[in-house]
Structures are given as structure tokens and as C-alpha cells.
Amino acid sequence: MNLFLVAGEVSGDTRGAEVMEALMRQVDGIRFFGLGGPQMKGIAGEEFLDWSDRAGVIGIIDVLKNYGFFKQKLNETFTEIMSKKMETRVSLVLF
């Protein structure tokens, strides 16, 4: 099973890593792809992007300042999802 996850900041990375570890205990051959932080990348490996330093912004001003970056990552993420056979997609959004 291939699973795509996205977490944008530290608490999302922590919860995402917990979800990944739990799934690994229950699903043989599970593979993870996506974007998160160092904990999630440590579990998933090279095909997982650690983007938490750049994605973990606070407030609307920071979001607007980084709009171009987020739009580019959104487009890249959709392209990646469509290029891989994904049985499931999970987005972890924690504020």
C-alpha cells in the first residue's frame, strides 16, 4: 500500500510520525510519500520531503509572504500524487 501524507509544521510532523508508526505495525509493505518534517522523513526515507522549516509559518502575513512557495509546492504535490499509484491520501493539518 502507498500512502501520501502532508504535515506542515512540528506538531503535524509528530502526529504524522505516530500515525506512520502505527500503520507500519498493522500493514505489511506500506510505503509513505509526501511532505512533513524530520520525524516523518526519518520513517519514510528519501522519497519524503522535509519541508517543515519553510512550511511552518505563523499568521496570514507569513502565509501571504510565502504564497509563491506554497502555490509551487501545491502544484508539485498534485503532480506527484497523480504520478504514483496511491491507494490513500491523508492530509494532516494541525494548528
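Just so it is clear, none of the values below were taken in a lab; they were calculated from the coordinates. None of these values were measured; they are calculated from a predicted model.
Amide H contacts for residue 31 (H built 1.01 Å from N in the peptide plane; partners 5 or more residues away or on another chain; cut-off under 5 Å): 2, 3.
Pairs of alpha-carbon atoms within less than 8 angstrom and 6+ residues apart define the contacts here; what relative contact order does the stretch 2-92 have, in percent? It would help to have the intermediate numbers written out before the result.
On the way: 124 pairs, mean separation 36.7, N = 91.
Contact order relative to length: 40 percent.
Averaging Cα coordinates gives a centre for the stretch 1-40 and one for the stretch 45-82; these two points are 17 Å apart. Taking θ as phi - 60° and the Karplus parameters 6.51, -1.76 and 1.60, the scalar couplings of the stretch 39-54 work out to 5, 5, 4, x, 7, 7, x, 5, 7, 10, 9, 8, 10, 5, 4, 8 Hz in sequence order, x denoting glycine and proline.
For the stretch 57-66, putting each phi into the Karplus relation 6.51 cos²θ - 1.76 cosθ + 1.60 with θ = phi - 60° gives couplings of 9, 10, x, 5, 4, 5, 4, 5, 4, 9 Hz, in residue order, rounded to whole numbers and with x for Gly and Pro. Between the helical axis of 67-83 and the longest alpha-carbon principal axis of the chain there is an angle of about 20 degrees.
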